[in-house]
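Undergrad: Sending over a structure as structure tokens; questions will come in a sec.
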Amino acid sequence: IVRFDANLRAVVQIAATSLANDLTEGQAPDDAARSTSAELASRQHMVAIYDDRGRLLAEAGREDDIVVPLPPAGQIPTHQPVFITIVETDDLDDRHQLAMQRVTIAPFGIEFVIVAGGSLEPTDEELYDEAADGR
């Protein structure tokens, strides 16, 4: 799971850089959020970007049965992502890891909350198989 968290941390950092680049190019915050989430989401990762009031600006790659429990922005750290594990609403065996971080894009002073996540199902299956094999 350490490797998984490192990947999510990297997605959050890349999203912050992408948002800064888009704002520097003159995009509005909503447009920057949409393009960043669309560019970074994949089959392995979902990306959601919120404003400083917790309003969803954009998301991509989120499965329908995943609810992102976003705490108030003031409770989300700025210096590094916080990690939480959630379960799908329809399948309690399918867990997802989320990384959340609040970032302020200087010199614009615009604050975003970036959430990157992915399914832990492949990791859980690998661990289960190793345990079953006695490794």
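The values are calculated or read from the model by the stated rules, or taken from the named source; none is laboratory data. Predicted model, so just to flag it, every value in this text is computed and none were measured. Neighbour counts run over all protein chains shown; Cβ positions are idealised from the backbone, glycine included. Ligands, DNA and RNA are stripped out before the accessible areas are found, and what is left, the full protein with its side chains, is counted by its heavy atoms. Shrake-Rupley method; radii C 1.70, N 1.55, O 1.52, S 1.80 Å.
Undergrad: Within the group Arg3, Arg9, which residue is closer than 18 Å to Val103 by Cα, in a helix (DSSP H, G or I) and either of a type in the set (S, T, N, Q) or open to solvent by 70 Å² or more (accessible area, probe 1.4 Å) (or both)?
TA: After ruling out the rest, the residue left standing is Arg9.
Undergrad: Against the condition closer than 17 Å to Arg3 by Cα, within 17 Å of the chain's Cα centre (by Cα) and modelled with pLDDT of 90 or more, how does Gly61 come out, does it pass?
TA: no
Undergrad: Does region 69-90 contain at least one residue that is out of contact with any Leu (no Cβ under 7 Å at 6 or more places or on another chain), crowded, with 18+ Cβ neighbours inside 10 Å and of a type in the set (S, T, N, Q)?
TA: no
Undergrad: Pairs, please: C-beta under 7 Å, at least 6 apart or cross-chain, first residue free of Cβ contacts under 8 Å to residues at least 12 places away in the same chain and within 17 Å of Arg43 (Cα to Cα) and in region 1-23, second open to solvent by 80 Å² or more (accessible area, probe 1.4 Å) and of a type in the set (A, V, I, L, M)?
TA: Close Cβ pairs satisfying both conditions: none exist.
Undergrad: Let me ask something additional. Would region 19-38 turn up any residue that is open to solvent by 60 Å² or more (accessible area, probe 1.4 Å), on the phi < 0 side of the Ramachandran plot, at pLDDT below 95 and not small (Gly, Ala, Ser)?
TA: no
Undergrad: Can you name every residue in region 34-51 that is free of Cβ contacts under 8 Å to residues at least 40 places away in the same chain and either within 16 Å of Glu111 (Cβ to Cβ) or touching a Ser or Thr at 6+ places or on another chain (Cβ under 8 Å) (or both)?
TA: Result: Ser35, Thr36, Glu39.
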